[in-house]
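Working notes for the structure below.
The values are calculated or read from the model by the stated rules, or taken from the named source; none is laboratory data. Everything numeric here is computed off the predicted structure, so don't read it as measured data. So basically every Cβ, Gly included, is an ideal-geometry build from the backbone, and we count neighbours across all protein chains shown. To get the accessible areas, we keep the full protein, side chains included, count just its heavy atoms, and leave off ligands, DNA and RNA. Shrake-Rupley method; radii C 1.70, N 1.55, O 1.52, S 1.80 Å.
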Amino acid sequence: RALGAEVVLPHAFAGVRRFVHQADWKHKYVAVMTISQCAEYVSQEAHVDEIVGLLVNLLNDDHPRVRFAALHAIGQTSTDQSPYIQEAHCEVLLPALARSMEDPVVKVAAHACAAFVNFAESLDSAALLPHMPDLMSKLCARLASPAVVSKEQAITAIAVVAGVTEAHFVPYYQQVVSVVKHILPATSVDDRKLRGKAFECLSLMGLAVGRDVFRPDAQEVMHAMLEAAAAGLEADDPQRSYIQEATQRICRALKEDFLPYLPRLLPGIYTTMQMQPAEVVDPDAEEAEADMTVALLEDGTAVGLKTCQIEDFQSSVQLVSCFLEVLGPSYFDHVSETARCLLPALKFRFSDDVRREAAQAWQQVINVAKEGLRERGVSDNGIVRDLLHAFVQGVTEAMRGETDIEL
């Protein structure tokens, strides 16, 4: 960064070319990791082509650490050089990654799935479809592996395939969904990340294949997520974010068929949006030690919320916004209570993003109220006037203490 890519890269790649031909695996490993570090600064397509050629050749190296490093570099370069690498090297990299998914070393095979995720996330459906049978065969084999790391990477890769190919994923859905659902009963601490990834994968598959195909399995998935949330999730439990995001996807997949789940979801969401910050005696100490965001009040006192609490609050606002957007007038029966609980979010002092998202959600609240009344043939717009009055009053109060002009 100090000298600039034009000065450093020629010397770095001259060393890489020498090291990759050394017999000692350590030299090759250093060469590959150098590529990983420098890939984002490469601007010439010819150099990217050379990098891809070197890395693909090293996937056949005798030493597993070299193969692992090559896969890591492919994943990094796929991100740094997107979309060129996807457009120019799809026909080389996809078969190479598929072969590496059968590597005899479990960690290397799992890392091939991870590299595929980075590469395929920016891939067009048309480019992926010809390779789909081979890839799905390899990924399903990885998913059946007893190694947790293999399952975790394979399940994410399958989710990416579903997201990219959408309706073309339907022929593979039944084969995959039964295996992924078998992960849901796992409740040990060691299985939390895998279970979260299962929720992610199932929800992405649901979006891809549509509600008619997904509906029979959606109830089982939602039940598992609701049970996990009801049992209580620790602040560091990775399932938290997976469940929150999967719930939105399942709502989008099922549309009006999602309505029966609202009575179990909304009370918890409302409770989260009513959380109150704790008083903070020593702001500097508590902010550092307790991972807490602190706000100073006009009277000189301080209050704070932990980072996980702020994230939960924001997720609740996002969930409500999703329900309003997707369900539209079908959400009408919940509008009044949602508006009441959403009002404090307009003045949420711990996050600009939350206040911005809350204001946008309020617009959806008013629109859903109007559409709901119209569908029911009700001409009295009193509820819409009340909602609009509450919104204007809430925004006005929030503006008095707002320092960000854009908000």
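Considering the range 34-45, the residues that are open to solvent by 60 Å² or more (accessible area, probe 1.4 Å) and in contact (Cβ under 8 Å) with a residue 24 or more places away in the chain include one that is nearest to Ala96 (Cα to Cα), namely Glu45. When Val16, Val32 are screened for being within 17 Å of Ala73 (Cβ to Cβ), at pLDDT 85 or above and part of a helix (DSSP H, G or I), only Val32 passes. Specify the residue that is least open to solvent (accessible area, probe 1.4 Å); the eligible residues are those in the range 372-392 that are farther than 17 Å from Glu337 by Cα and assigned to a helix (DSSP H, G or I). Among residues in the range 372-392 that are farther than 17 Å from Glu337 by Cα and assigned to a helix (DSSP H, G or I), the one least open to solvent (accessible area, probe 1.4 Å) is Val392. Between Val108, Val48, Val66, Val92, the distinction of being open to solvent by 60 Å² or more (accessible area, probe 1.4 Å), touching a helix residue (DSSP H, G or I) at 6+ places or on another chain (Cβ under 8 Å), among the aliphatic types (A, V, I, L, M) and part of a helix (DSSP H, G or I) belongs to Val92 only. Just one of the numbered conditions (1) touching a Ser or Thr at 6+ places or on another chain (Cβ under 7 Å); (2) part of a helix (DSSP H, G or I) is not true of Glu279: (2). In summary, Ala228 fulfils each of the numbered conditions (1) surrounded by fewer than 20 Cβ atoms within 10 Å (Cβ to Cβ); (2) at pLDDT below 95 with the single exception of condition (1).
Take the conditions of a type outside the set (A, V, I, L, M, F, W, C) and open to solvent by 30 Å² or more (accessible area, probe 1.4 Å) and apply them to Arg142. Does it pass? In short, yes. Scanning the range 296-335 for residues that are small (Gly, Ala, Ser) and either at pLDDT below 95 or within 19 Å of the chain's Cα centre (by Cα) (or both) yields Gly300, Ala302, Gly304, Ser315, Ser316, Ser321. Yes or no: the range 131-145 includes at least one residue that is part of a loop (DSSP other than H, G, I, E, B) and within 20 Å of Leu194 (Cα to Cα). There is at least one residue in the range 131-145 that is part of a loop (DSSP other than H, G, I, E, B) and within 20 Å of Leu194 (Cα to Cα). The residues of the range 243-286 that are under 20 Å from Ser351 (Cα atoms), touching a Leu at 6+ places or on another chain (Cβ under 7 Å) and among the β-branched types (Val, Ile, Thr) amount to a single one, Ile269. On the given criteria, is Asp237 surrounded by fewer than 19 Cβ atoms within 10 Å (Cβ to Cβ) and in a helix (DSSP H, G or I)? No; evaluated as a whole, the condition is false for this residue.
The set of residues from the range 347-364 being open to solvent by 10 Å² or more (accessible area, probe 1.4 Å) and more than 23 Å from the chain's Cα centre (by Cα) comprises Lys347, Phe348, Arg349, Ala359, Gln363, Gln364.
When the range 159-215 is filtered for residues that are open to solvent by 10 Å² or more (accessible area, probe 1.4 Å), closer than 14 Å to Cys251 by Cα, assigned to a helix (DSSP H, G or I) and not aliphatic (A, V, I, L, M), the ones remaining, listed by number, are Glu200, Arg211, Asp212, Arg215. Residues in the range 146-158 that are over 22 Å from the mean Cα position of the chain (by Cα) and either in contact (Cβ under 8 Å) with a residue 40 or more places away in the chain or assigned to a helix (DSSP H, G or I) (or both): 1 in all.
No other residue among Ala98, Ala31 is open to solvent by less than 10 Å² (accessible area, probe 1.4 Å) and within 20 Å of Ala157 (Cβ to Cβ) apart from Ala98. Pairs linking a residue in the range 79-106 that is under 21 Å from Glu40 (Cα atoms) to a residue that is open to solvent by 50 Å² or more (accessible area, probe 1.4 Å) and outside any helix (DSSP H, G or I), with Cβ atoms under 8 Å and 6 or more positions apart or on different chains, are Ser82/Ser122; Pro83/Ser122; Gln86/Ser122; Gln86/Asp124.
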